[in-house]
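Inspection log for the structure reproduced underneath, given as structure tokens.
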Amino acid sequence: MTVITNHLPTEDLQALDAAHHMHPFTAGGELAGKGARVITRASGVFLTDSDGNEILDGMAGLWCVNIGYGRDELAEAAARQMRELPYYNTFFQTTHVPAIALAAKLAELAPGDLNHVFFAGSGSEANDTNIRMVRHYWSVKGKPRKNIIISRENAYHGSTMGGASLGGMVPMHEQGSLPIPDIHHIPQPDWWAEGGDMSPEEFGIARARELERAILELGEDRVAAFIAEPVQGAGGVIVAPDSYWPEIQRICDKYEILLIADEVICGFGRTGNWFGSQTLGIRPHIMSIAKGLSSGYAPIGGSMVCDEVAEVIARGEFNHGYTYSGHPVAAAVALENLRILEEEKVIDHVRDVAAPHLRAAWEGLADHPLVGEARIVGMMGSIALTPDKAARARFAAGAGTVGLICRERCFANDLVMRHVGDRMVISPPLVITPAEIDELVARARKALDETLDAVTAQGLLQSAA
Ligand SMILES: *Cc1c(COP(=O)(O)O)cnc(C)c1O
């Protein structure tokens, strides 16, 4: 049996890693200079690194390990499926039991008439499917020119050509000639950073009306769909004002625009319901799913599709699919994950215990001198760091300078908390206990104190002009 060497000294592992492993979203020079943190095992909400440190994972990996680490049942499900049928495809009128069972289960869990699923290997692939599906849908309905998809600045929809084009991340668009044609971006509903003198409610309406403005400008006959995350995740856990989503829903209904909810983070309990659309009161035609679908134990994603869109697509052949669409091992793992979420009432735990406890502790951080606002929906939260709360000011130092200092202080205190510019974000496993939440927030506060000291010492506590 192949044994993956775990016994080399950390520096040797880091040297091999820097020499041969190209990392996503990592600066090469930094990697070679400092070495990557080597994670060797994990259990519950704690990671262990190659030096034996126990780190509280405030991010559930990349927003995905909803049921926590170390669940043997998922390993057993994978092993059982690998022995029985390790692979078969779902092309050309073939299927297999894990894909059937998972599709039926997802149809049962999804809201409304989202009764159909097109499987993918990831969230990015699901969104690539969505681009092709909504364009093809309108084409079948005799409107081939209705092919523009509207998304939002600072959205994250994955890293493939399609996913990154839908996303509104400028540094991603700058590499590889993105976005692809016929993708249009409107501003995001980030009141704290961009709301100026408006009340949050006024701002929510104003930002939703940007969608209407874009539709009127581009032409109703040109716009196929609007895609958005119920709560922006990688953009910094941006929670729209309450007025935003009802107005977006009204506009999509009025102009016959398909609404795609990217539930890759918000799905599977993260917001206190099975799907973020339920928490935010959205009625999507399509939902992108991945991450929490398998709690990250196996790569799998998909598009949940409503009856009408599925019926139109099924009129002919949809020339699209992935070798691993509905992969039996990934599907078996996802099914077992859903069984645990359901039978152990994890979403009830979020709604009744974990989310209220986290909200109280997290919002308590708003009294910290560096914290401008603390936002939270279910089990995803963010704090905005600022040199001047009252003015909702940015730092004079480049965006992310202070956020990075804070992230380093978190690591030093054995907490994984990510920074997005100068926002700090958390998204812990849903099974986290109240005592572990207290520990998480205590470490976050200590990291904030140390950040304030460092920022003060370095003269960075200056507002941008
Ligand atoms: C992570 C993410 C994706 C991309 O999923 P991958 O599995 O990384 O391809 C898409 N949408 C959202 C909202 C995400 O957070």
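Values quoted throughout were computed directly from the atomic coordinates according to the rules given, and no laboratory measurement underlies them. Since this is a predicted model, take the numbers as computed values, not measurements. Here the Cβ is made from the backbone with ideal geometry for all residues, glycine too, and neighbour counts use every protein chain on show.
Length gained on full extension, residue 256 to residue 401: 47.9 nm, using 0.36 nm per residue less the C-alpha separation.
What residue among 426, 126, 24 has its Cα farthest toward the positive end of the dipole of the chain, where the charges are +1 on Lys, Arg and -1 on Asp, Glu, each on the Cβ? Working it through, the farthest residue towards the positive pole turns out to be 126. Between residue 8 and residue 446, the FRET efficiency estimated from the beta carbon spacing at R0 = 22 angstrom works out to 0.10.
Pop the C-beta distance of residue 221 and residue 314 into the FRET formula with R0 = 25 Å and round what comes out to the nearest 0.05. List each step's numbers first, then the result.
Values: r = 24 Å, r/R0 = 0.97.
Once rounded, the FRET efficiency stands at 0.55.
What shape does the range 53-197 take by its C-alpha gyration tensor, where a ≥ b ≥ c are the square roots of the eigenvalues and a/c under 1.5 counts as rounded, a/b above b/c as prolate, and the rest as oblate? It is oblate, given that a/c is not under 1.5 and a/b is not larger than b/c.
Once both labels are positioned 7 Å from their Cα atoms along Cα-to-Cβ, the gap between residue 76 and residue 453 label points is 4.8 nm.
Here 55, 238 are placed in order of increasing Cβ neighbour count within 10 Å, fewest first, which gives 55, 238.
Using only side-chain charges placed at the Cβ, +1 for Lys and Arg and -1 for Asp and Glu, the dipole size of the range 361-465 relative to its Cα centre rounds to 340 debye. With each label modelled as a point 7 angstrom along the Cα→C-beta vector, the residue 343-residue 20 pair spans 4.0 nm. Tell me whether the range 200-241 comes out rounded, prolate or oblate; compute the Cα gyration tensor, take square roots of the eigenvalues as a ≥ b ≥ c, and use a/c under 1.5 as the rounded threshold. Judged from the Cα gyration tensor, the range 200-241 comes out oblate (a/c at least 1.5, b/c at or above a/b). Note on the range 175-223 and the range 228-282: Cα centroid distance 14 Å, given to the nearest whole angstrom.
Set the Förster distance to 30 Å, then compute FRET efficiency between residue 31 and residue 433 from the Cβ-Cβ distance, nearest 0.05. That gives a FRET efficiency of 0.30.
Just to confirm the filter: which chymotrypsin sites (Phe, Trp or Tyr not before Pro) across the range 41-122 are DSSP coil and have at most 13 other Cβ within 10 angstrom of their Cβ? Don't skip to the answer; put the middle values down first.
Numbers: sites: 46, 63, 69, 87, 88, 91, 92, 118, 119; in loops: 87, 88, 91, 92.
Here the sparse-neighbourhood loop sites are 87, 91, 92.
For the range 115-158, list residues with backbone N below 17 Å from a point placed 7 Å from the Cα of residue 91 toward its Cβ? Those under the cut-off are 119-121, 129.
Size of the dipole of the chain about the Cα centre, Lys and Arg at +1 and Asp and Glu at -1 on the beta carbon, nothing else charged, in debye to 20?
Numbers: 39 positive and 59 negative charges, 159 e Å.
My answer is approximately 760 debye.
In order along the range 239-254, phi translates into HN-Hα couplings of 9, 5, x, 4, 6, 5, 5, x, 5, 4, 4, 4, 5, 4, 5, 4 Hz, rounded to whole numbers, per the Karplus curve 6.51 cos²θ - 1.76 cosθ + 1.60 with θ = phi - 60° and x for Gly and Pro. Under 11 Å from a label point 7 Å along Cα→Cβ of residue 464: give me every residue in the range 160-194 with its amide N that close. Residues 193-194 qualify, since their backbone N sits under 11 Å from the label point. Ranking 74, 156, 395 by Cα position along the charge dipole of the chain, where only Lys, Arg, Asp and Glu carry charges on their C-beta atoms, puts 156 farthest toward the positive end. Which whole-angstrom value gives the distance between the alpha carbon centres of the range 372-387 and the range 286-332? Each part's Cα centre sits 32 Å from the other's. For the chain, the square roots of the Cα gyration tensor eigenvalues, ordered a ≥ b ≥ c, give a/c of at least 1.5 with a/b no greater than b/c, which places it in the oblate category.
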